[in-house]
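Read-outs: derived from the displayed coordinates by stated rules, not from any lab. Bear in mind that the values here come from a model prediction, so they are computed numbers and not experimental data. Every residue, glycine as well, gets a Cβ built from its backbone with ideal geometry; the counts of neighbours run over all protein chains shown.
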Amino acid sequence: MLTWDGSFDHSINCLKCKKDRIIMMVRYMHPDIKPDDYKGSDKTHFEDIPQAWQEAWKSGKSANELPLTADVLGREQEIPILS
């Protein structure tokens with residue numbers, strides 16, 4: 001198993017690999033970054049800004065008070081099932 005910080009630009013060349021390559025990607029917000037730090041941005045690093053955050057900002061409120069749950073983030077819990 002190999003782990004690395006994928007926030008740095010990198011590339012993988014596995015065109016001639018003889019075994020399957022399985023990737024488990026984990027994305028999370030740094031604990032020092034709060035939703036309001038993204039105010040005025042179109043995306044977090046990889047994803048669209050959640051609608052609930054945008055609505056809070058439009059109404060003059062802070063998005064920092066909203067829970068970071070799947071429904072607030074605007075998506076189902078993303079757990080792929082491998083068969």
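For D36, what is the net charge nearby, where nearby means another residue's Cβ is under 14 Å from its Cβ and Lys, Arg count +1, Asp, Glu -1?
Net of charged neighbours comes to 0.
Provide the packing ranking of 11-24, 40-53, i.e. peptides ordered by the mean count of other C-beta atoms within 10 Å per residue, highest first.
40-53, 11-24
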